[in-house]
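Peer 1: There's a structure below that I have some questions on.
The values are calculated or read from the model by the stated rules, or taken from the named source; none is laboratory data. None of the values given here were measured: they were computed from a predicted structure. Note that each Cβ is placed from the backbone with ideal geometry, even for glycine, and that neighbours are counted across all protein chains shown. Quick note on the areas: whole protein, heavy atoms, side chains included, nothing else; ligands and nucleic acids left out. Shrake-Rupley method; radii C 1.70, N 1.55, O 1.52, S 1.80 Å.
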Amino acid sequence: MPRIVSLISSATEIVHALGQSPNQVGRSHECDFPPNVTALPVCTKPTIDIHADSREIDRSVKQRVRNALSVYEVFDEVLERLQPTHILTQTQCEVCAVSLRDVERSVASRLASRPAIVSLSPNSIADVWEDFRRVARSLDIAEHGESVVASLQARLCAISEKARAANRRQRVACIEWIEPLMAAGNWTPELIEMAGGVNLFGEAGRHSPWMSWEQLLASDPEVIVISPCGFDLERIRAEMYWLTDRAEWASLHAVRNGRVYLADGNQYFNRPGPRLVETLRILAEILDPNEFEPTLENSAWEKLSP
């Protein structure tokens, strides 16, 4: 039987979707879904203060990257004890999760179990499906992987077809970091379009870009979705002052019309795994509440209070 260590939360969710949870023996410090995964040994930790505010986190990350230092530490002694046959990591972002380079620096390559290093690279929705297939192939369940992908694709298509039928085409700015401003890229622009919106910032399949206040003001979006990477609703609420305290904030069309929404960037928007389906549902509920019952409101998203 395989012994799987997942060092990225989205990969843990992929393992679960493929029915391989009983074979997972270790996790990253960020892996928290499904809830029973939290009982597994933790194999990593951040090297920065993740409880600092947005500006300080950004400063700390940039400083470590500038000095060619990792944002994460892999616990060699835990890997030695677990002797995994498979280690799941990623090459998409060295800031967002433990990377392939982090694993290569660790003891993983010298383990007696000679684990297969499965590196995921989700830059687009199509890439996410390929990551499912990559994990499934490594575990010799390729056919089952195709079945899971087909089911998830069908669910996405059903939501998208219903959302696009409304043909309202609202202009949407999705913000992935609050201070400094960063727009959501990668798969999020695709999801916005699938939900019937017009994405204003970030390109599908490309890394999330920094943006300026001048750009945000010039675009004057009809809808603003705030979904910082790694932040839940409570954390977003606590840091909204970076936006709301600025004099320009009140002049935005979305703000004047009460169309600013907070969305869980930790559990949904920034986890390229099976719950991208729920992320699309969140966007559909926000953009067209008449067609989509707000089943995820208050748990996964909420309207910004005046």
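Peer 1: Within region 166-202, work out how many residues are without any contact (Cβ under 8 Å) to a residue 60 or more places away in the chain and open to solvent by 10 Å² or more (accessible area, probe 1.4 Å).
Peer 2: Residues that pass the stated criteria total 10.
Peer 1: Quick one: what pairs do we get from region 130-149, first residue of a type in the set (S, T, N, Q), second open to solvent by 40 Å² or more (accessible area, probe 1.4 Å), C-beta under 7 Å, 6+ apart or different chains?
Peer 2: Final answer for the pair search is 138/116.
Peer 1: While we're looking at this one, here's another question. Which residues, taken from region 34-45, are in contact (Cβ under 8 Å) with a residue 24 or more places away in the chain, surrounded by fewer than 19 Cβ atoms within 10 Å (Cβ to Cβ) and of a type outside the set (Val, Ile, Thr)?
Peer 2: Passing the criteria: 41, 45.
Peer 1: Does region 203-210 include one or more residues that are open to solvent by less than 20 Å² (accessible area, probe 1.4 Å) and hydrophobic (A, V, I, L, M, F, W, C)?
Peer 2: Looking through region 203-210, none of the residues is open to solvent by less than 20 Å² (accessible area, probe 1.4 Å) and hydrophobic (A, V, I, L, M, F, W, C).
Peer 1: Do any residues in region 48-65 that are crowded, with 16+ Cβ neighbours inside 10 Å have Cβ atoms under 6 Å from those of residues that are assigned to a helix (DSSP H, G or I) and of a type in the set (A, V, I, L, M, F, W, C), where the two are at least six apart or on different chains, and which pairs are they?
Peer 2: The qualifying pairs do not exist here.
Peer 1: For region 217-264, give me the residue count where each residue is in contact with a strand residue (DSSP E or B) (Cβ under 7 Å, 6 or more places away or on another chain), of a type outside the set (Gly, Ala, Ser) and not in a loop (DSSP other than H, G, I, E, B).
Peer 2: Counting residues in region 217-264 that are in contact with a strand residue (DSSP E or B) (Cβ under 7 Å, 6 or more places away or on another chain), of a type outside the set (Gly, Ala, Ser) and not in a loop (DSSP other than H, G, I, E, B) gives 10.
Peer 1: Does residue 148 satisfy the condition of being in contact with a helix residue (DSSP H, G or I) (Cβ under 7 Å, 6 or more places away or on another chain), at pLDDT 95 or above and either closer than 30 Å to residue 86 by Cα or not hydrophobic (A, V, I, L, M, F, W, C) (or both)?
Peer 2: Yes; evaluated as a whole, the condition is true for this residue.
Peer 1: Let me ask something else. Hey, which of the strands (runs of 3 or more DSSP E) in region 50-134, taking only ones fully inside, have at least 2 residues that are modelled with pLDDT of 90 or more and within 30 Å of residue 148 (Cα to Cα)?
Peer 2: Because the criterion is at least 2 residues that are modelled with pLDDT of 90 or more and within 30 Å of residue 148 (Cα to Cα), the strands (runs of 3 or more DSSP E) in region 50-134 that meet it are 86-90, 116-120.
Peer 1: Looking at region 265-306 only, could you name the residues that are open to solvent by less than 10 Å² (accessible area, probe 1.4 Å), under 25 Å from residue 242 (Cβ atoms) and under 12 Å from the mean Cα position of the chain (by Cα)?
Peer 2: 265, 269, 271, 279
Peer 1: State the number of residues belonging to region 37-49 that are closer than 15 Å to residue 11 by Cα and not in a loop (DSSP other than H, G, I, E, B).
Peer 2: 4
Peer 1: Here is a further query. Yes or no: residue 15 over 24 Å from residue 207 (Cβ atoms), open to solvent by less than 30 Å² (accessible area, probe 1.4 Å) and either part of a helix (DSSP H, G or I) or at pLDDT below 95 (or both)?
Peer 2: Yes; evaluated as a whole, the condition is true for this residue.
Peer 1: Can you name the condition, by its number, that residue 30 falls short on among (1) assigned to a helix (DSSP H, G or I); (2) in contact (Cβ under 8 Å) with a residue 12 or more places away in the chain; (3) open to solvent by 30 Å² or more (accessible area, probe 1.4 Å)?
Peer 2: In the conditions (1) assigned to a helix (DSSP H, G or I); (2) in contact (Cβ under 8 Å) with a residue 12 or more places away in the chain; (3) open to solvent by 30 Å² or more (accessible area, probe 1.4 Å), residue 30 misses (1) alone.
Peer 1: What do you reckon, is residue 281 among the charged types (D, E, K, R) and either in contact with a Gly (Cβ under 9 Å, 6 or more places away or on another chain) or outside any loop (DSSP other than H, G, I, E, B) (or both)?
Peer 2: yes
Peer 1: Here is a further query. Tell me which residues, restricted to region 262-289, are more than 18 Å from residue 228 (Cα to Cα) and free of Cβ contacts under 8 Å to residues at least 60 places away in the same chain.
Peer 2: If the condition is that a residue be more than 18 Å from residue 228 (Cα to Cα) and free of Cβ contacts under 8 Å to residues at least 60 places away in the same chain, then 285, 289 are the ones that fit.
Peer 1: Could you check residue 214 against (1) part of a helix (DSSP H, G or I); (2) touching a residue at least 12 places away in the same chain (Cβ under 8 Å); (3) surrounded by fewer than 21 Cβ atoms within 10 Å (Cβ to Cβ) and say which number it fails?
Peer 2: For residue 214, the failing item is (2).
Peer 1: Now, a different point. Just to be sure, is residue 225 at pLDDT 95 or above, out of contact with any Lys or Arg (no Cβ under 9 Å at 6 or more places or on another chain), buried (at least 20 other Cβ atoms within 10 Å of the Cβ) and among the hydrophobic types (A, V, I, L, M, F, W, C)?
Peer 2: yes
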